[in-house]
Amino acid sequence: MKSELAEEVLGDLDEKFYKVLEEKGHRGARKIYWLQVMKYFRPFAIKKTRLRLPKIATMQRHYLKISWRNLLRDKAFSSIKIGGFAVGIAACILISLYINHELSYDKHYQDQESIYRIANNYQSEEYSEMWTNLEGPFKPVLEGNIPEIDLVARVVLWRWGKVGENHIRPSNTLNNIYEGGFFYSDPELFEILEVPMVYGSQKEALNAPNSIAISKSKADKYFPNENPVGKQLILNDDTERAYTIGGVFEDFVSTSHLQGDFIMTLKDRKSGPGTSGWCCTNYNFYVKLTPNASKTAIEQKLTNVRDTYIMDKYREIGKNGLDDLQKHQSYYLQPVQDIYLNKQNIGDNMTHGSHDLVWIFGGVALTILLLACLNFINLSTAKSIKRAKEVGLRKVVGSQRSGLIVQHLTESSFYSLLSVVLGTLIAWGLMPLFNKISAEALVIPWTSWWFAPTLLSGALLIGFLSGIYPAFYLSKFNPIEVLKGKASSGASTSFFRNSMVVFQFTVTVILIIAAIVTQKQFQHFMNKSLGFEKEQVVNILGLNSLKENEREVFKEELERITAIQSTSLGDYLPVEGGRNTNFGFELVEKKGLEEGFEAARWMVDENYLETMGMELVSGRNFTDQSLDETSIIINESMAHQFGLDDPIDTQVVDMFDGTYRIIGVVKDFYFESLTSTVRPLAMVRGKGRETISIKLNSSNIEQTLAAVNSIWEGFKPNQPIRYSFMNQRFQRMYEDLIKAKTLLIIFSILSVTIACLGLFALSAYSVEQRIKEVSVRKVLGASAQMIFKLLAGDFIKLILISIAVAIPVGWLLMDELLGDMTNRISLSWTVFALASLMALVIAIITVSFESIKAALINPATRLRSE
Amino acid sequence: MFYNLVTYIMKETKLGDFEETILLLVGILDKEAYAFKIAEEFEAQTDRAVSIGAVHSTLNRLGDKGFLTSEMGASTAERGGRRKRIYTITASGQRALQESRDFKISLWDQFPSLAGGNLNFNI
């Protein structure tokens, strides 16, 4: 508010206030008072503020003013310059935040240096692999023999027992609620991972048998405002085995590799998880070392302990291939902060960040920033002719070259600062979209102490880098020549500019190629014939709260619905979220002579193959009778591994000496990722406990599901039905690919935009330069087409060069990226043709605007002035 | 910068409809012509709501155009002892009002249905 207005305005407002007070009372008067105040926000009443920067030298202020005037003089050009830059910076900020997030996992521990996970490390000439699963009895061995290991905790994360999803209720309520995030652990886990406790202690929370620890958010959900320690949770209506809450822990921080809300203890269990012996590798091991313990020394000790102690145990259970094992296997202690991105590619049962994606996006971010910088440089030098007179005059009145360089650096820093501000705002606006695509929950860290300084110094650095060339170039002009009007962009600068355009478009074409290839690869996966039917199959989940006979009855009732073709009770599914167990297998006659191999072992019923649409190559399916108890169906890959041409009726034996007779061979189907080959798989007869799959033969899915639901409610009124479509679960296996695909598409669009903005401004500039030439040509009889060819031809040549460079580079890059992945697409010429065509068409359209305008002008208007 | 642009455009001497009304009200209120009173009078006369800010801004604009002058008047208790700015119409303001009125009258004079005496708007 202007000070000279204050008195009268306040007086008027007061008078109004008291008048309204009489009529409408206090509240109304206050409201109206503020309304009136708001309505005073008009230009005439607001105090004019002037930016005063007394500390900056006069020349600097002058430079800023000139920059501002230049910016205003050619608004279209300036907005292209700043806008293009801002878009690049926005992309860069988003990607940097993403990368920063991915790299920030598990860095929050106090004893950061002493928390490790144990991994097996098998290295031989033919074969190398690292994986985390170890045998359960390893724990007491570690505790008893290696004093430098302070604490050991085993966890079970693969779907064994109640790991994963369950339906739970506190013992005093009736309604089952679906929850995920269950796993088993030893009590020491809380101490090792320094998990803060809300109720209970780190030591005691999981110490009692059958105890469970729950996260704070779940405690608030089920036991609001009370201490739930000692209360009971019932899982899947199994009232006989209720779990007692031993503690409440603070939710795992979002940057922890380990996530989960319900941790069940492994201690003193009678069966299942926690009780398996030297036969089976079921556990991940976390350890905390004593201070100053040496990592390599402990790795050596682990191997020693195995040789002196564990080998005997292996021999006792008759494990094969021990010599190889002793020769090639060792142990590796993986630092906790490496677990999330998992760059050593250690096999475990966790979700990981993608190490590749971090690299790819880092590269893309830098490239886009580089493109934006080049654009900036390009546009600055393109305008140089317009600035040449200014430079000449400055020199004449006594400006030093250094002064001119400072001027242009100030100008570019000023522009880059504007762009960074704009870019930050764009990034902020695009954040929700970016989060949706990348499935992260990133926020712009406005309040972090490093954010503003980083941006500021980034802006100045970029401004400096992109201003340095134009500054030296512009300050070089000879004042006599430019003032005579002889300034011309020499061959060297146009070469420089042209190569920048070529570079920009090369990168753009490569990005387009990458986007098309990932899109095609994704399509290829989705349309790949998998060997099973995923479109018409629905999985009904959460059956483990039914009793065994109820499940049978439920299945029978479902089969009575005519729209359901077949149903199968089985937990092993060829999509995400299915169970998987691995057993060692070998032929009976070779037992003990050769080392067996590992195969997936699934338990399925007699309707499984039909429901899933899997095909038998030879032999027969299971029948309903008990005679199939020792029958086994294997897949082609397993038959191949056995080296059997006709495997029917062959006897095989598993690692627990169970003997089976092969009755059928199922055609290979993909039950794991399409990026690897189909592993051996054996199916034995058995029933699932959690999942029933139904195959629909009608297109009216909703109606059928409604019918299914009404049957379900007859069995479980206290638990809402839960189901999932197989094709959706299949798609979820390729989330990384979907992410990469979407982001690549977005970034290639961005890069196209930036490159086109630059090209547009350049073509406009070149048209402006040559407008007199064009006019003269027209006067002499050139047609509009010829003019267009003349003006656009130069640029199109550049684009063609870019395409010629981009295709081989893109081919090599993509070939490298796809690698020797199974089911990769072959890079056909159509991909490259499509990308080139897109780039070319976009470029021609961009250049056309100005060229056509120039080709159609009336030459008289332009020549008249001379 | 934009402010200058706006005032530049506004430095014309045409009288808008709202401006004309305000100018007339200033004349009517005479010694009591200050922003709050004018706003009150406007609401009373036209039955349309208006904020003091809007009136003040118009008064200010009319001042810029040279139709009004103003000076700080006496203070009163109901305004918390603050003085008020009293506006008075200048000669050129008078002239502008006069012109506006004459112009409209001359338009009305040319209006055929009135001149012919048969008022019929349901064409």
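Scan the stretch A:4-19 and tell me whether some residue there is assigned to a helix (DSSP H, G or I) and more than 11 Å from chain B (Cβ to nearest Cβ). No, the stretch A:4-19 contains no residue that is assigned to a helix (DSSP H, G or I) and more than 11 Å from chain B (Cβ to nearest Cβ). Restricting attention to the stretch A:769-807, the residues that are exposed (fewer than 14 other Cβ atoms within 10 Å of the Cβ) and of a type in the set (S, T, Y) add up to 1.
Among the residues of the stretch A:23-41, what is the count of those that are in a helix (DSSP H, G or I) and within 11 Å of chain B (Cβ to nearest Cβ)? Steps first, answer last, please.
From the stretch A:23-41, those in a helix (DSSP H, G or I) are A:23-38; that's our starting set.
Keeping just the survivors that are within 11 Å of chain B (Cβ to nearest Cβ) gives A:32-33, A:35-38.
Total satisfying the criteria: 6.
Every listed requirement among (1) at pLDDT below 85; (2) surrounded by fewer than 16 Cβ atoms within 10 Å (Cβ to Cβ); (3) more than 26 Å from A:F496 (Cα to Cα) is met by A:K389 save one, (3).
Can you tell me which residue is surrounded by the most Cβ atoms within 10 Å (Cβ to Cβ) among those in the stretch B:44-53 that are within 11 Å of chain A (Cβ to nearest Cβ) and free of Cβ contacts under 8 Å to residues at least 12 places away in the same chain? Explain how you work it out, then say what you get.
Our first condition is that a residue be within 11 Å of chain A (Cβ to nearest Cβ); within the stretch B:44-53, this holds for B:49-53.
So of that shortlist, the ones also free of Cβ contacts under 8 Å to residues at least 12 places away in the same chain come out as B:49-50, B:53.
Details: B:A49: 9, B:V50: 18, B:G53: 23.
Checking each candidate, the answer is B:G53.
The lone criterion from (1) modelled with pLDDT under 75; (2) exposed (fewer than 14 other Cβ atoms within 10 Å of the Cβ); (3) within 12 Å of another protein chain (Cβ to nearest Cβ) left unmet by A:I56 is number (3). B:L24 satisfies every condition listed in (1) within 14 Å of chain A (Cβ to nearest Cβ); (2) part of a helix (DSSP H, G or I) except (1). For the stretch A:479-495, does any single residue satisfy the condition of being of a type in the set (S, T, N, Q), outside any loop (DSSP other than H, G, I, E, B) and at pLDDT 80 or above? No; the residues of the stretch A:479-495 include none that is of a type in the set (S, T, N, Q), outside any loop (DSSP other than H, G, I, E, B) and at pLDDT 80 or above. Has the stretch A:435-451 got at least one residue that is at pLDDT below 80, in the same structural domain as A:L393 (by TED's automatic domain parsing) and assigned to a helix (DSSP H, G or I)? Checked the stretch A:435-451: at least one residue is at pLDDT below 80, in the same structural domain as A:L393 (by TED's automatic domain parsing) and assigned to a helix (DSSP H, G or I).
Taking the stretch A:154-173 as the range and being in contact with a helix residue (DSSP H, G or I) (Cβ under 8 Å, 6 or more places away or on another chain) and either under 17 Å from A:C280 (Cα atoms) or assigned by TED's automatic domain parsing to the domain that holds A:R579 (or both) as the test, the residues that pass are A:R154, A:V155.
In the condition set (1) more than 7 Å from every other protein chain (Cβ to nearest Cβ); (2) not in a helix (DSSP H, G or I), B:L59 is compliant with all but (2). Among residues of the stretch B:68-86 being facing chain A (nearest Cβ under 7 Å) and part of a loop (DSSP other than H, G, I, E, B), the one that is farthest from the chain's Cα centre (by Cα) is B:G80.
Taking A:T623, is it out of contact with any strand residue (DSSP E or B) (no Cβ under 8 Å at 6 or more places or on another chain) and over 21 Å from A:D654 (Cβ atoms)? Break it down into steps so the answer makes sense when it comes.
Values: out of contact with any strand residue (DSSP E or B) (no Cβ under 8 Å at 6 or more places or on another chain): yes; over 21 Å from A:D654 (Cβ atoms): yes.
When the stated conditions are applied, A:T623 passes them.
Out of all the residues in the stretch A:362-385, which are within 31 Å of the chain's Cα centre (by Cα) and among the small types (G, A, S)? If the condition is that a residue be within 31 Å of the chain's Cα centre (by Cα) and among the small types (G, A, S), then A:G362, A:G363, A:A365, A:A372 are the ones that fit.
Matching residues to (1) of a type outside the set (D, E, K, R); (2) assigned by TED's automatic domain parsing to the domain that holds A:Q521:
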| site | (1), (2) |
| --- | --- |
| A:P720 | yes, no |
| A:F725 | yes, no |
| A:Q728 | yes, no |
| A:E768 | no, yes |
| A:L791 | yes, yes |
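So for the stretch A:403-424 (the condition being over 30 Å from A:N580 (Cβ atoms), in the same structural domain as A:G458 (by TED's automatic domain parsing) and not in a helix (DSSP H, G or I)), does at least one residue qualify? So far as the stretch A:403-424 goes, no, none of its residues is over 30 Å from A:N580 (Cβ atoms), in the same structural domain as A:G458 (by TED's automatic domain parsing) and not in a helix (DSSP H, G or I).
The residue of the stretch A:771-807 that is nearest to A:L674 (Cα to Cα), among those that are polar (S, T, N, Q) and in contact (Cβ under 8 Å) with a residue 24 or more places away in the chain, is A:S802.
When the residues of the stretch A:586-602 are filtered to those that are outside any strand (DSSP E or B) and within 40 Å of the chain's Cα centre (by Cα), which remaining residue is farthest from A:L681 (Cα to Cα)? Before you say what the answer is, go through the steps one by one.
Step one: of the stretch A:586-602, the residues outside any strand (DSSP E or B) are A:588-590, A:592-593, A:595-596.
Next, from what is left, pick out any that are within 40 Å of the chain's Cα centre (by Cα): A:595-596.
Working: A:E595: 17, A:G596: 14 Å.
Ranking the qualifying residues of the stretch A:586-602, first place goes to A:E595.
Within the stretch A:44-70, residues that are of a type in the set (K, R) have Cβ atoms under 8 Å from residues that are modelled with pLDDT of 60 or more and outside any loop (DSSP other than H, G, I, E, B) in these pairs: A:K47/A:S3, counting only partners at least 6 apart in sequence or on another chain. Taking strands (runs of 3 or more DSSP E) as the structural unit, those lying wholly within the stretch A:137-206 and holding at least 1 residues that are in contact with a Leu (Cβ under 9 Å, 6 or more places away or on another chain) and within 26 Å of A:G277 (Cα to Cα) correspond to A:149-156, A:164-170, A:177-185. Here are the criteria: (1) exposed (fewer than 14 other Cβ atoms within 10 Å of the Cβ); (2) in contact (Cβ under 8 Å) with a residue 40 or more places away in the chain. Tell me which single one A:G810 does not satisfy. All conditions are met except number (1).
Within the stretch A:321-335, can one find any residue that is more than 30 Å from A:L193 (Cα to Cα) and small (G, A, S)? Yes - at least one qualifying residue is present in the stretch A:321-335. For A:I749, the requirement of being farther than 30 Å from A:I634 by Cα, assigned by TED's automatic domain parsing to the domain that holds A:V502, under 34 Å from the mean Cα position of the chain (by Cα) and free of Cβ contacts under 8 Å to residues at least 12 places away in the same chain is met.
Checked against (1) touching a helix residue (DSSP H, G or I) at 6+ places or on another chain (Cβ under 7 Å); (2) within 14 Å of chain A (Cβ to nearest Cβ); (3) over 21 Å from A:V37 (Cα atoms), B:F36 meets all criteria but (3).
Go through A:D268, A:D261 for me and flag whichever is surrounded by fewer than 18 Cβ atoms within 10 Å (Cβ to Cβ) and among the charged types (D, E, K, R).
Working: A:D261 fails: surrounded by fewer than 18 Cβ atoms within 10 Å (Cβ to Cβ).
Testing whether each residue is surrounded by fewer than 18 Cβ atoms within 10 Å (Cβ to Cβ) and among the charged types (D, E, K, R) leaves just A:D268.
The values are calculated or read from the model by the stated rules, or taken from the named source; none is laboratory data. As the structure is a prediction and not an experimental result, all values here were calculated from the model. In this analysis, Cβ positions are derived from the backbone assuming ideal geometry, glycine residues included, and neighbour counts consider all displayed protein chains.
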